Each structure stands twice: as structure tokens, then as C-alpha cells.
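K.L.:
Here it is, the structure, as C-alpha cells.
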Amino acid sequence: MAWQWFHKLGSPRWFYEKTSRWLTWFAPLSVALLLVGLTWGLAFAPVDAKQGNSYRIIYIHMPAAVLSLAGYYLMAIAGGIGLIWKMKLPFMVMQSAAYVGAALTALTLITGSLWGYPTWGTFWEWDARNIFMLILLFLYLSIIMLGRVYPVREAADKACAILALVGTVNVPIIYKSVDWWYSLHQPASIKLTGSSSIHPSMLYPLLLCIVAYYCFYTLSLILYTRQEILAREARTKWVSELVNTQSSHTKD
Amino acid sequence: MHPVRKQRLLIVLALVVLSSIAIGLLVFALRENINLFYPPAKFSTGEVPRDVRLRAGGCVQPGSVSRDENSLQVTFDLVDPSGRLTVSYEGILPDLFAEGEAAVVNGIWREDNIFYADQVLAKHDENYMPPEVAEAMNNGEKHQATCDEAKYDS
């Protein structure tokens, strides 16, 4: 029927074999994009009139923040699909997205505090955006831990998906926090409607960094999910066949 | 779509909507507490308690910064469109502290209407531009500090 393609997408084996072919060109591409974007931003973009060189951390900080929020939606949607269709792959994607998202949120918080010290004058302030970002990190960490404490895989997946779905409300709160409350954090510089308040010579490397982070996120998610697939499907026939062919290759 | 899956879809949607409403109401009820600072207007209308530690934030009025010659003592006015607050501080100001820029101060508002700060934070804006562009925008003159665009509750 019409939904067959969708169920095929849910097959871990199909995902593993498809991504094996994609990775050969996608991995070098995303690493190259990241290197070009960061080099352009950190070394070649002009200095800022007020902040000098310290603004450059935006090229690491802002795309990481974007991806930690976008990645949360991806994780929650994967959890929702898993709950509705009872497929295995979405739950594996959800669990992997929690690891990558937690790393990106931690990176956002660390680079944010390194940026805050020379500009605001403090490493940490109990600002609305800072607090809700910290809550986001705790949400990611809770999902990782919740996935590990249940002895039964299915129960763990369900609990994680429900927590991920409940936490989605945090994402728009983080996004709008600088507009809703008196805050130390500056408002958004890149605007979808109207002109951005960042000069084009600084904006283009930033946009490239965002694209590169999206690619690098996808790459990390695929690699994590592949590892998760092998761990969970270790007892299936196709994985043992895969292991056999791999080990015979290395013997040759 | 299979009716069982449709039902599960509705449950998932209800879960997201209901929990969002619950947390949304919670955050709405706490909105005053989530604000990092009081704007000068709230000091002018007397809505701010005295003699307790709190934060104030606003635009540093150009021309109001006066430094003591023999110490690190500095006083300045924080303003917004409908208020003014005089701040007294002793210590090193952050690099980005400047007239016409926003600042957040942490301290106590005393009976003499002066805010005694023990911490000053600079709030930088969302504008990024190279020095040449910034200079060109001011027609080559020295950076003309203004508080015109200062908005804190957009």
C-alpha cells in the first residue's frame, strides 16, 4: 500500500546499507565545509567595530546553538514516529540525537561563557536564555540516562520519547526568550524578514558555518545511529554476516 | 492510516499540546521573576523595593559618566524612554561599557535614590560591522553615542 515506502525507511538494515554508500562522499564534504567555514570566520572575516576579535566566537557559538535547538525537534519527532508506528529505527535515531544534541548544547554553553567574559564581564549570568539553555542540556542528559536505566529496551524507548515530546516546549521558549524578557543576551542578528543587523562580510561566513554545522550534525547523527543499529541488532543474521565479511576482508 | 496508529498519533499530539500549555502557563505566571533586571521606568514609578539586592538595566546616558580622579569610583545614569536611575559603582568597568550602550548593574537601591552597584555588566547589541563601515556610517566623525534605539522590552 501507500505506506510501504515509509515502513521500508524504518528498517535498520536498509538504513545501514544506504548510509554506507553515502558516507564515502558525505563525510569528506561536511568536514571540508566545516573547515572552510570556520577558517573564513575565525581568520579572514573582518574584526567587529566594538567587540574586536572576541566576536569571532559567534562562528562556533551560534551555529551550535541553532543545531542544538533544531536537533531537539528532530529527536522529539523521531520519538513521536517511534511511538506511533512502533518502528525500531526512529528510536535508535532518537537515542543518537540525544548524544549529539547534548554535546552541541554543552559546546554552546561553554563558548557562550567564553564570549560572555570579555564582552558582558561575567562567565555566567542567570539570564532567561542561559537558564533555559541549561534546562535543554539537562533534558538531553535525562534522555540519555533514561535510555540506560530501563532493563527493557522497549520501555526505555517509550519513556525517552515521552520525555523528548514533553520537552519540545523549551525550544520556542529559548528562541523567544530575548524578546519576551529583559535579558542580558543580545537579540537575534539574522532576521528572516527584514535586513539583518550583521554586516554581509561577517554574515556570509556565518551562513556557511550554519550550513556546515547542519552537514556535520547529519554526519554525526548517521555515525551514531549506525553504531546504535549494530549494538541493538547484534544478534540478527545480517549483522553477523556483515561482521564475517568485514573480518574476512581484514584477514586478506 | 491504520486506526490504531491514528489514535496513537492523537495521543502524541495531545501530550505535546497539553504539556506545552502547562509549562507555558507556568512560565507566564513567573514572567516577572524571569526578567533579569528592572528598567529605569520601574524605579521612577516606585515599583522597585529598596534596600534589597536586585539588578537594574538600561542605556548609559551619554555625558552622564563621571569618574573620580583619585579612585575607581564612577557614577552614571541609566535611562530608558520614561525613567532615569543614578548608579554609583567602585571598580573596573567591562571593556564594552560605553556611553550610549546598554548596561546591567547588580546592587542595592538605597533611600537616597542612588543605586549602589557592586557589579556592572555590559550588554552588547546585535549589530556587527567592521570598523571602516562603522566609521562610514558616522560620516567619519567620532562614534556618536545615542540612546535613541535603546529598547529593552521589544
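Yes or no, residue by residue, for (1) touching a strand residue (DSSP E or B) at 6+ places or on another chain (Cβ under 8 Å); (2) buried (at least 20 other Cβ atoms within 10 Å of the Cβ); (3) more than 10 Å from chain B (Cβ to nearest Cβ); (4) over 27 Å from A:Gln4 (Cα atoms):
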{"site": "A:Gly80", "(1), (2), (3), (4)": "no, yes, no, no"}
{"site": "A:Val93", "(1), (2), (3), (4)": "no, yes, yes, no"}
{"site": "A:Ala103", "(1), (2), (3), (4)": "no, no, yes, yes"}
{"site": "A:Trp120", "(1), (2), (3), (4)": "yes, yes, no, yes"}
{"site": "A:Trp126", "(1), (2), (3), (4)": "no, no, no, yes"}
{"site": "A:Val149", "(1), (2), (3), (4)": "no, no, yes, yes"}
{"site": "A:Ala155", "(1), (2), (3), (4)": "no, no, yes, no"}
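Residue-by-condition table, conditions (1) out of contact with any Ser or Thr (no Cβ under 9 Å at 6 or more places or on another chain); (2) surrounded by fewer than 16 Cβ atoms within 10 Å (Cβ to Cβ); (3) modelled with pLDDT of 90 or more; (4) not β-branched (Val, Ile, Thr):
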site: A:Lys158; (1), (2), (3), (4): yes, no, yes, yes
site: A:Leu165; (1), (2), (3), (4): no, no, yes, yes
site: A:Pro172; (1), (2), (3), (4): no, yes, yes, yes
site: A:Leu184; (1), (2), (3), (4): no, no, no, yes
site: A:Ala212; (1), (2), (3), (4): no, no, yes, yes
site: A:Ser220; (1), (2), (3), (4): no, no, yes, yes
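K.L.:
Looking only at the stretch A:159-180, how many residues end up being more than 11 Å from chain B (Cβ to nearest Cβ) and touching a residue at least 40 places away in the same chain (Cβ under 8 Å)?
P.N.:
Residues in the stretch A:159-180 being more than 11 Å from chain B (Cβ to nearest Cβ) and touching a residue at least 40 places away in the same chain (Cβ under 8 Å): 3 in total.
K.L.:
Tell me which residues, restricted to the stretch A:190-209, are touching a Leu at 6+ places or on another chain (Cβ under 8 Å) and either surrounded by 17 or more Cβ atoms within 10 Å (Cβ to Cβ) or of a type in the set (Gly, Ala, Ser) (or both).
P.N.:
Answer for the stretch A:190-209, where residues must be touching a Leu at 6+ places or on another chain (Cβ under 8 Å) and either surrounded by 17 or more Cβ atoms within 10 Å (Cβ to Cβ) or of a type in the set (Gly, Ala, Ser) (or both): A:Ser196, A:Ile198, A:Leu208, A:Cys209.
K.L.:
Ok, one more. Condition first: over 21 Å from the mean Cα position of the chain (by Cα), small (Gly, Ala, Ser) and surrounded by fewer than 13 Cβ atoms within 10 Å (Cβ to Cβ). Now tell me which residues in the stretch A:10-46 satisfy that.
P.N.:
Correct list: A:Ala43 only.
K.L.:
Return the pair list, or none, for Cβ contacts closer than 7 Å from residues in the stretch B:31-43 that are at the interface with another protein chain (Cβ under 9 Å from one of its Cβ atoms) to residues that are among the hydroxyl-bearing types (Ser, Thr, Tyr), at least 6 apart or on different chains.
P.N.:
Listed by first residue and then by second, the contacts come to B:Asn35/A:Tyr182; B:Leu36/A:Tyr182; B:Leu36/A:Ser183; B:Phe37/A:Tyr182; B:Pro39/A:Tyr182; B:Pro39/B:Tyr152.
Residue by residue, here is whether (1) assigned to a loop (DSSP other than H, G, I, E, B); (2) touching a strand residue (DSSP E or B) at 6+ places or on another chain (Cβ under 8 Å); (3) buried (at least 20 other Cβ atoms within 10 Å of the Cβ); (4) at pLDDT below 85 holds:
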position	(1), (2), (3), (4)
B:Asn33	no, no, no, yes
B:Asp51	yes, yes, no, no
B:Arg55	no, yes, yes, no
B:Leu78	no, yes, yes, no
B:Val87	no, yes, yes, no
B:Ile92	yes, no, no, no
B:Phe115	no, yes, yes, no
B:Asp118	no, yes, no, no
B:Ala136	no, no, no, yes
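K.L.:
How about the stretch A:82-131: which of its residues are part of a helix (DSSP H, G or I) and of a type in the set (Gly, Ala, Ser)?
P.N.:
A:Gly82, A:Ser96, A:Ala97, A:Ala98, A:Gly101, A:Ala102, A:Ala103, A:Ala106, A:Gly112, A:Ser113, A:Gly116, A:Ala128
K.L.:
Select, from B:Ser66, B:Ser71, the only residue that is among the polar types (S, T, N, Q), touching a residue at least 12 places away in the same chain (Cβ under 8 Å), surrounded by fewer than 16 Cβ atoms within 10 Å (Cβ to Cβ) and more than 21 Å from A:Glu125 (Cα to Cα). Can you show your working first?
P.N.:
Values: B:Ser66 fails: touching a residue at least 12 places away in the same chain (Cβ under 8 Å).
The unique qualifying residue is B:Ser71.
K.L.:
Considering A:Ile131, A:Ile84, A:Ile110, which residue is more than 9 Å from every other protein chain (Cβ to nearest Cβ), free of Cβ contacts under 8 Å to residues at least 24 places away in the same chain and among the β-branched types (Val, Ile, Thr)?
P.N.:
When all the criteria are applied, what remains is A:Ile110.
The values are calculated or read from the model by the stated rules, or taken from the named source; none is laboratory data. Here the structure is a predicted model, which is why all the values come from computation and not from measurement. Counting neighbours? That spans all protein chains shown, and the Cβs are built from the backbone with ideal geometry, glycine included.
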